[in-house]
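Working notes for the structure below.
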Amino acid sequence: MAIQLVGVVGAGQMGNGIAQVAAMKGLNVLMTDISEESIKRGMLTIENSLDRLIKKGALPADEKAKILARIKTSKDMAAQKDSDIVIEAATENVDLKLKIFKDLDQVCKKEALLCSNTSSISITKIAAATKRPEKVAGMHFMNPVPLMVLVELIRGMQTSDETFNQVKSLSETMGKTFVVAKDMPGFAVNRILCPMINEAIFALYEGVASVEDIDNAMKLGTNQPMGPLQLADFVGLDTLLAILNVLYDGLGDPKYRPCPLLIKYVEAGWYGRKSGKGFYNYEAKK
């Protein structure tokens, strides 16, 4: 099956990034979300991203209108009925994802592939919510999608070779480099990354060093482009906590226990950059 129409569920930072990259590579895209406001915000994010690429000389100015014309939007999940593949990019919540996949299974054509951008949740479990588990796989894009080259591919127990090969091919069409990870909690990237960030939060919690000193130590001492606490703010502290809970519950190892300080920040509504406050204050920049 030739993939001509890519569906994206979710117009947030991951969803609109996936939609933008697919459209930039000549694919037609249908991006759906539950609210018109979310869709408008997502399309504005794409426009601003394209403008930045044009300003940098990375995209010809006359390409912007063509790219935007390839992206259609809808508030109705049923609009995905003609998509050849649908990539779910909703919040990292297992119950929400299971509902979305159950709904997609009912509205999408029988040959359509269904993928999740989940960063930690079992693809096997997600696939079991459908009647086409052999056509379900994981495509974990990195944030920000237009700039990050990697996509982590995960096959569930039921994923067919044909499905996985098509997903690999789509990744390459979108200009991504893929790695294949086993369907284990956190897969490869977050299995390694999130405990590292969590340990940085423990270091802050225990008074080892300040926010700025922890981040500068890791940037200057290990050549990381962004400190772990700043990265946590960009990922979203609520998302980070959700991933750590999946690791802790799924693997049963206390080394994945979320830091109490992280839990308190999330309880306070301090999610990082998206809420205006996390380990750093972003209110003045909003």
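Tally up the residues in region 220-231 that are under 17 Å from Q13 (Cβ atoms) and in a helix (DSSP H, G or I), please. Steps first, answer last, please.
Initial filter on region 220-231 (under 17 Å from Q13 (Cβ atoms)): 226, 230-231.
Those still in the list that are in a helix (DSSP H, G or I) too: 230-231.
Number of matching residues: 2.
Looking at region 150-173, which of its residues are β-branched (V, I, T) and in contact with a His (Cβ under 9 Å, 6 or more places away or on another chain)?
Initial filter on region 150-173 (β-branched (V, I, T)): 151, 154, 159, 163, 167, 173.
Of everything in region 150-173, those that are β-branched (V, I, T) and in contact with a His (Cβ under 9 Å, 6 or more places away or on another chain) turn out to be V151, I154.
Return the only residue of G252, G272, G278 being over 23 Å from M142 (Cα atoms), at pLDDT 95 or above and not hydrophobic (A, V, I, L, M, F, W, C).
Values: G272 fails: over 23 Å from M142 (Cα atoms); G278 fails: over 23 Å from M142 (Cα atoms).
Within the list G252, G272, G278, the selection yields G252.
Given A58, A112, A78, which one is surrounded by fewer than 14 Cβ atoms within 10 Å (Cβ to Cβ), of a type outside the set (D, E, K, R) and within 19 Å of Q4 (Cα to Cα)?
Details: A58 fails: within 19 Å of Q4 (Cα to Cα); A112 fails: surrounded by fewer than 14 Cβ atoms within 10 Å (Cβ to Cβ).
It is A78.
So how many residues does region 2-20 have that are in contact with a strand residue (DSSP E or B) (Cβ under 8 Å, 6 or more places away or on another chain) and either in a loop (DSSP other than H, G, I, E, B) or surrounded by fewer than 24 Cβ atoms within 10 Å (Cβ to Cβ) (or both)?
5
Being of a type in the set (G, A, S), within 30 Å of E162 (Cβ to Cβ) and out of contact with any Pro (no Cβ under 6 Å at 6 or more places or on another chain) is true for just one of A69, A65, A61, A79. Which residue is that?
Numbers: A69 fails: within 30 Å of E162 (Cβ to Cβ); A65 fails: within 30 Å of E162 (Cβ to Cβ); A61 fails: within 30 Å of E162 (Cβ to Cβ).
Among A69, A65, A61, A79, only A79 is of a type in the set (G, A, S), within 30 Å of E162 (Cβ to Cβ) and out of contact with any Pro (no Cβ under 6 Å at 6 or more places or on another chain).
Taking region 217-244, which residues are touching a Ser or Thr at 6+ places or on another chain (Cβ under 9 Å) and surrounded by fewer than 18 Cβ atoms within 10 Å (Cβ to Cβ)?
Listed by number, the list is empty, since nothing qualifies.
Given A129, A78, A89, which one is among the hydrophobic types (A, V, I, L, M, F, W, C) and over 30 Å from Y248 (Cα atoms)? Step through it out loud before you land on a result.
Values: A129 fails: over 30 Å from Y248 (Cα atoms); A89 fails: over 30 Å from Y248 (Cα atoms).
Only one candidate passes the filter, namely A78.
Among the candidates F234, F202, F178, single out the residue that is under 30 Å from I3 (Cα atoms) and either in contact (Cβ under 8 Å) with a residue 24 or more places away in the chain or in a loop (DSSP other than H, G, I, E, B) (or both).
F178 is the lone residue from the list that is under 30 Å from I3 (Cα atoms) and either in contact (Cβ under 8 Å) with a residue 24 or more places away in the chain or in a loop (DSSP other than H, G, I, E, B) (or both).
Got a number for residues in region 246-286 being assigned to a helix (DSSP H, G or I), under 20 Å from L204 (Cα atoms) and not charged (D, E, K, R)?
As a first pass, look at region 246-286 and keep what is assigned to a helix (DSSP H, G or I): 246-251, 254-256, 260-267, 273-275, 283-285.
Subset that is under 20 Å from L204 (Cα atoms): 254-256, 260-267, 273.
Next, only the ones that are not charged (D, E, K, R) stay: 254, 256, 260-263, 265-266.
Summing the residues that are assigned to a helix (DSSP H, G or I), under 20 Å from L204 (Cα atoms) and not charged (D, E, K, R) in region 246-286 gives 8.
Let's see how each residue does on (1) closer than 14 Å to L113 by Cα; (2) touching an Asp or Glu at 6+ places or on another chain (Cβ under 6 Å); (3) modelled with pLDDT of 95 or more:
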| position | (1), (2), (3) |
| --- | --- |
| E152 | no, no, yes |
| G156 | yes, yes, yes |
| T159 | yes, no, yes |
| N165 | yes, no, yes |
| S169 | yes, no, yes |
| G175 | no, no, yes |
| V179 | no, yes, yes |
| K182 | no, no, yes |
| N190 | no, no, yes |
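If we keep just the residues of region 258-281 that are of a type in the set (K, R) and in contact (Cβ under 8 Å) with a residue 12 or more places away in the chain, which is nearest to R41 (Cα to Cα)?
K274
Give the residues of region 21-44 that are surrounded by fewer than 20 Cβ atoms within 10 Å (Cβ to Cβ) and either small (G, A, S) or in a helix (DSSP H, G or I) (or both), sorted by residue number. Steps first, please.
First, pick out the residues of region 21-44 that are surrounded by fewer than 20 Cβ atoms within 10 Å (Cβ to Cβ): 25-26, 28, 34-41, 43-44.
Those that are surrounded by fewer than 20 Cβ atoms within 10 Å (Cβ to Cβ) and either small (G, A, S) or in a helix (DSSP H, G or I) (or both): G26, S35, E36, E37, S38, I39, K40, R41, M43, L44.
The values are calculated or read from the model by the stated rules, or taken from the named source; none is laboratory data. What you see is a predicted model, and the numbers here were worked out from it, not measured in a lab. Every residue, glycine as well, gets a Cβ built from its backbone with ideal geometry; the counts of neighbours run over all protein chains shown.
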